[in-house]
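Worksheet: the structure to be examined is printed underneath.
Values in this text are rule-based calculations from the coordinates and carry no lab data. Quick caveat, the model's predicted, so the values are computed rather than measured. No Cβ is skipped: glycine too gets one built from the backbone with ideal geometry, and neighbour counts run over all protein chains shown.
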Amino acid sequence: MSGSLPFALRLYRMGMGVFERFLPGVLQRRAARGKEDPARLNERLGTAPITRPSGRLVWIHGASVGESLVGFGLAEKLREADPNLIFLFTSGTRTSADLMTKRLSAPDLHRYIPVDTPAAAVAFVTGWRPDLAVFVEGEIWPNLLLATKAAHIPLALVNARMTRRSIEGWAGRMRTARHLFSLFDLAMSADQRTAGALSLFRDGPINTIGNLKLAVTPPRIEPGKISALKHQIGERPVWLAASTHAGEDEVLIAAHTALRLGAPDALLILAPRHPERSMDVEIACRKQGLVPVKRSSGQVPDPSTPIWLWDTLGELGLAMKLAPVTFVAGSLQPGIGGHNPVEPVQLSSAVISGSFVENFRDLYQALEDHDGAIIVDDHSSDRIALAVAGLLGDPDRRDALTRQAGEVIAEGASAMADTVTGLLALLGRQN
């Protein structure tokens with residue numbers, strides 16, 4: 001295999017081959033720091049104690065929570081077309097693993113993606129022997145792709161999305177890019193920018209389908225749970241800061257302080273992207289004189305509680321149903337790229353975002369062009385407070401915003417059906 005590879009790939013395989021002898025110790029040290037699940041380290045080596053289930057197995061890989069949810073929605077639609085399919089999901093973060101483990105039911109499985117060493121890649125592929133491998137969005141692991149191709153397993157890249165930075169990076173390694181992206185039997189891009197890049201990086205057709213995150217089914221939320229919590233909150237003005245990162249919490253807490261000057265009973269639901277940060281977020285709240293209650297402790301805010309710290313997994317949709325306005329975080333500082341605004345729109349919560357939304361630039365631009373979201377370029381707490389106050393105080397404006405956003409999202413609804421058709425065609429080759 002290695003003789004025909006570009007030099008950079010041969011060098012990568014050699015380096016990862018040397019690294020794999022140290023991998024068990026590295027994983028143990030990472031587990032000691034909480035960065036790996038100590039009970040599941042074998043999965044990172046490509047091995048697992050569970051035998052491959054019999055039947056047609058589709059392997060879907062998504063790097064983190066957002067990609068995993070796309071994969072989950074894709075699996076639901078594939079199963080509607082073929083109820084006998086079994087799905088193996090892989091991801092790389094503990095947060096996504098916890099979420100997928102909660103959502104899945106037998107016979108479907110979740111495993112951590114193996115570290116991309118030659119031995120781990122071969123062990124994973126030969127152990128699971130999937131009938132189809134689907135990579136969501138574009139996390140590229142060379143040894144895994146090469147091992148999958150060598151095993152004659154169809155490979156698909158779906159909802160492919162590349163930032164300007166990643167396109168420039170691949171362009172600087174053109175031979176490597178063309179080799180790796182040409183391994184995919186099917187490539188479907190989420191936007192025109194990625195389609196243009198893939199046309200340079202691979203042999204074979206590029207299908208510009210649209211963003212699958214527009215087609216993800218909103219989470220199922222029990223109406224009784226919503227009504228009970230709304231009754232406990234009462235008629236207070238409520239807004240949500242969703243998926244916050246370190247450095248953003250302080251700005252949003254300060255915005256809430258400013259908001260409460262005009263609306264003293266306002267409640268902020270503050271949901272950190274990574275719930276394990278809840279202690280740091282609580283300290284940030286207390287430093288600004290706002291003492292929160294914590295969702296993970298089963299606490300519900302009383303009329304004087306200023307902040308509800310939403311430090312649980314898999315419940316963000318419930319928070320969006322409680323809050324008529326959602327500030328989508330990950331957008332207040334460079335380097336994160338923003339988060340997906342589709343879910344709050346689906347759940348009728350008006351969207352506000354900062355301007356650092358590189359990962360969803362096309363979507364946010366479409367929303368802004370159609371007056372379906374508010375993008376604040378001034379990331380000061382006062383500016384954010386004004387935007388939130390404007391929507392909380394104007395139900396008609398909120399409704400118009402969510403209605404326009406819903407129309408934008410509906411334009412991408414066919415993406416899922418087209419992707420399912422393409423994947424079923426690949427599976428048909430295995431008959």
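Quick notes on this structure:
- FRET efficiency for the Ser182 to Lys225 pair, using the beta carbon distance and R₀ = 41 Å, is estimated at 0.25.
- Note, ³J(HN,Hα) from phi for segment 275-291, Karplus 6.51, -1.76, 1.60, rounded to Hz, x at Gly and Pro: x, 5, 8, 4, 5, 4, 5, 4, 4, 4, 5, 5, 4, 9, x, 10, 8
- Relative contact order (%) - segment 223-410, alpha-carbon pairs under 8 angstrom, separation at least six: 22
- Backbone N atoms of segment 248-283 closer than 19 Å to the 7 Å Cα→Cβ label point of Arg397 belong to residues 255-268.
- Approximating the spin labels as points 7 Å out from Cα along Cα→Cβ, the Thr217-to-Thr101 distance works out to 2.4 nm.
- Nearest-ten-degree value, helix 7-19 long axis tilted from longest Cα axis of the chain: 80
- Under the convention that each Lys and Arg Cβ holds +1 and each Asp and Glu Cβ holds -1, the size of the dipole of the chain around its Cα centre is about 1620 debye.
- Among Asn84, Asn211, Asn340: highest mean-square fluctuation, GNM of the chain, C-alpha pairs under 10 Å: Asn84
- Tilt relative to the chain, helix 65-81 - C-alpha long axis, 0 to 90 degrees, to 10: 70
- Restricting attention to the chain, the count of lysine pairs at 8 or more positions apart or across chains with alpha carbons under 20 Å apart stands at 10.
- Positive minus negative residues near Gln288 (Lys, Arg vs Asp, Glu; Cβ under 13 Å): 0
- Efficiency of FRET between Gln299 and Asp371 - r from beta-carbon atoms, R0 35 angstrom, step 0.05: 0.40
- Net length gained if the chain between Gln232 and Phe356 were fully extended (0.36 nm per residue, minus Cα distance): 41.1 nm
- Cα centroid separation - segment 46-120 against segment 234-313, whole Å: 33
- Taking the C-alpha atoms only, the angle from helix 249-262 to the longest principal axis of the chain is near 20 degrees.
- Segment 356-431 and segment 164-232: distance between their alpha carbon centers, rounded to Å: 15
- Which labelled figure in [x] 25, 54, 20, 0; [y] 26, 60, 14, 0; [z] 24, 58, 17, 1, 0 is P(r) over Cα pairs in 20 Å bins from 0, in percent, once derived from the coordinates: [x]
- Note on Leu259, Leu427: ascending count of other Cβ atoms within 10 Å places them as Leu427, Leu259, the fewest first.
- Helix-derived mean residue ellipticity, 222 nm - over the chain, DSSP H n ≥ 4, -39500 (n - 2.57), to 500: -14000 deg cm²/dmol
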